[in-house]
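The values are calculated or read from the model by the stated rules, or taken from the named source; none is laboratory data. For clarity, every value in this text was computed on a predicted model and none was experimentally measured. Cβ atoms come from the backbone with ideal geometry, glycine included; neighbour counts cover every protein chain shown. When the accessible area is computed, the model is the full protein with side chains, heavy atoms only, and any ligands, DNA or RNA have been set aside. Shrake-Rupley method; radii C 1.70, N 1.55, O 1.52, S 1.80 Å.
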Amino acid sequence: MKRQAAVYFHYPYCIKKCPYCDFNSYGLDHKRAAPNGASRSIEDLEQEYVSALLADLSSQIERANLTSQICTSVFFGGGTPSLMSPGSVEVILKRLFSLMQPSPEIEITLEANPGTIQETLGADKLRDFRSAGVNRISMGVQSFQPKKLKFLGRIHSANDSLEAVENIRSAGFENFNLDLMFGAAGETLDEWLSDLNSACLLEPQHISMYGLTIEPGTEFAVRSSRGAKLKVGEERESQMYRAGTELLADENYGRYEISNFAQPGKSCKHNLSYWTRREYLGVGAGAHGFIQTGAWGQRLYNAPAPHDYIKRINISSDAVIRREDLSKEQAQIEFFMLNLRKTEGFEADDYSMLFGEEMPTAVQAVLDQLSNAGMIALQDEHVQLSQEGFLFADSVFEEITLSLESAGP
Ligand SMILES: C[S@@+](CC[C@H](N)C(=O)[O-])C[C@H]1O[C@@H](n2cnc3c(N)ncnc32)[C@H](O)[C@@H]1O
Ligand code: SF4
């Protein structure tokens with residue numbers, strides 16, 4: 001049987017770095033975008049970067065023995081990959097499908113920022129992305145409220161988002177996602193629900209909602225360490241998550257993962273491959289991949305800085321700076337953490353099929369405790385987070401990890 005793998009491409013440039021964002025992304029005015037400090041045109045940067053992506057892709061497929069195997073989904077993430085030209089996307093997809101076989105139902109997503117509507121999200125350009133093979137757009141709307149957009153340092157207005165959605169539709173896309181963020185300081189529950197309602201009115205097939213996180217190394221982290229209050233309190237945040245989940249359920253968006261909601265049959269295939277531990281290649285600066293090799297699989301990490309990435313690819317067609325062969329314990333931790341993120345959870349049988357043994361008794365005991373505490377729903381052999389468990393997912397994962405560590409090899 002042929003192997004099935006997903007492919008992720010990272011495009012690291014954005015017009016401007018958002019103050020909360022710790023993704024491997026660089027504002028186009030950032031020094032790392034132009035290593036010698038010289039100002040470079042976006043076209044030059046793109047040409048150089050896309051050549052590296054192509055070389056990286058070919059050599060990763062070969063190294064992972066995935067030639068002629070099946071590609072189930074493609075995701076252009078970032079950064080802001082919608083800044084790329086459709087021509088580049090087309091060349092990348094052509095190269096990929098000359099080496100791997102696209103599955104008939106392949107999903108090909110491109111992330112977009114509504115703030116680039118003038119430069120990148122006009123209906124013509126979107127139509128060209130569509131012709132290049134992209135069949136799903138994921139757009140970082142974040143909010144429809146001027147106050148919140150300004151607080152988040154976004155470069156777009158609510159109107160830009162509305163216009164972009166109109167263009168996405170008129171370009172023929174029948175599948176798109178909107179990202180929203182909640183929990184910015186001062187935000188009320190009503191304001192948050194109004195954001196969600198505005199998103200639902202646009203009838204996307206998929207909505208992701210993320211609680212604002214203060215990530216180390218970001219501008220928000222610096223401001224927060226100096227005493228700025230940037231988030232609502234924990235209680236309000238939980239209330240927002242709960243009410244948001246209910247509102248989306250009423251609008252026919254089912255939660256299939258902690259932060260991801262979709263109309264029936266419209267879950268993001270690419271994201272699901274991460275949570276089901278399917279193999280995937282990570283191509284581009286800072287991208288990471290997972291390959292089934294050795295006993296428990298290997299995770300690979302590319303060099304994050306674009307200039308370093310390009311240099312490494314030009315020298316050796318290999319930008320991997322870390323290859324991590326997973327131990328059985330790491331694979332077990334991943335099994336629980338990834339499967340429990342999904343609303344559907346997992347069956348005890350899934351565990352025994354993968355590991356060839358029953359779940360360790362220490363883990364079973366913790367699952368029982370978590371079930372008594374109302375965090376986990378256990379039914380026969382089925383395990384999933386409870387409604388309450390979704391709010392405290394990190395603590396649930398921590399308890400399970402500790403029990404695995406205490407169980408030993
Ligand atoms: C790579 S971005 C999406 C595309 C594009 N770069 C944009 O921002 O418009 C992925 C999403 O992660 C979410 N995100 C990023 N940083 C976050 C943070 N610190 N807290 C919560 N959500 C965050 C945002 O909703 C963002 O749209
Ligand atoms: S546009 Fe997206 S990737 Fe770029 S800095 Fe903002 S949130 Fe991060």
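Of the strands (runs of 3 or more DSSP E) contained entirely in the stretch 288-333, those carrying at least 2 residues that are farther than 30 Å from A407 by Cα and at pLDDT 95 or above fall at 320-325. Within the stretch 66-98, the residues that satisfy the criterion of being in a loop (DSSP other than H, G, I, E, B) and either touching a His at 6+ places or on another chain (Cβ under 8 Å) or free of Cβ contacts under 8 Å to residues at least 60 places away in the same chain (or both) are T67, G79, S85.
Taking the stretch 125-155 as the range and being within 13 Å of ligand 2 (Cβ to nearest atom), open to solvent by less than 10 Å² (accessible area, probe 1.4 Å) and in a loop (DSSP other than H, G, I, E, B) as the test, the residues that pass are S143, L152.
Specify the residue that is surrounded by the fewest Cβ atoms within 10 Å (Cβ to Cβ); the eligible residues are those in the stretch 188-216 that are within 16 Å of ligand 2 (Cβ to nearest atom) and of a type in the set (S, T, Y). Once the filter is applied, the top-ranked residue is T213.
Could you please tell me which pairs satisfy a Cβ distance under 9 Å, a separation of 6+ or placement on different chains, a first residue in the stretch 393-406 that is without any contact (Cβ under 8 Å) to a residue 24 or more places away in the chain, and a second residue that is of a type in the set (V, I, T) and open to solvent by 90 Å² or more (accessible area, probe 1.4 Å)? Once the first residue is without any contact (Cβ under 8 Å) to a residue 24 or more places away in the chain and sits in the stretch 393-406, no partner that is of a type in the set (V, I, T) and open to solvent by 90 Å² or more (accessible area, probe 1.4 Å) comes close enough.
Among the residues of the stretch 380-409, those that are open to solvent by less than 40 Å² (accessible area, probe 1.4 Å) and over 21 Å from the mean Cα position of the chain (by Cα) comprise V383, S386, G389, V396, I400, T401, S403, L404, G408. Give me a count of the residues in the stretch 363-386 that are within 15 Å of F336 (Cα to Cα) and assigned to a strand (DSSP E or B). Residues in the stretch 363-386 being within 15 Å of F336 (Cα to Cα) and assigned to a strand (DSSP E or B): 7 in total. Would it be correct to say that S352 is loosely packed, with under 15 Cβ neighbours inside 10 Å, of a type in the set (G, A, S), within 29 Å of the chain's Cα centre (by Cα) and part of a helix (DSSP H, G or I)? So S352 passes the test.
Being without any contact (Cβ under 8 Å) to a residue 60 or more places away in the chain and within 19 Å of the chain's Cα centre (by Cα) holds for only one residue in E324, E347, E357, E334, and it is E334. Screening T80 on (1) more than 16 Å from ligand 1 (Cβ to nearest atom); (2) more than 15 Å from A132 (Cβ to Cβ) shows it passes everything except condition (1). For the stretch 178-198, a residue qualifies if it is away from ligand 1 (no atom under 13 Å from the Cβ) and within 16 Å of A158 (Cα to Cα), and the qualifying residues are E191, W192, L193, S194, L196, N197, S198. Filtering the stretch 199-219 to residues that are within 16 Å of G140 (Cβ to Cβ) and within 15 Å of ligand 1 (Cβ to nearest atom) leaves A199, P204, H206, I207, S208, M209, Y210, G211, L212, T213, E215, T218.
For the stretch 105-124, which positions are of a type in the set (S, T, N, Q), outside any strand (DSSP E or B) and crowded, with 16+ Cβ neighbours inside 10 Å?
If the condition is that a residue be of a type in the set (S, T, N, Q), outside any strand (DSSP E or B) and crowded, with 16+ Cβ neighbours inside 10 Å, then N113, T116, T120 are the ones that fit.
Filtered by the rule that a residue be of a type in the set (S, T, N, Q) and closer than 17 Å to E399 by Cβ, the stretch 331-351 gives Q332, N339.
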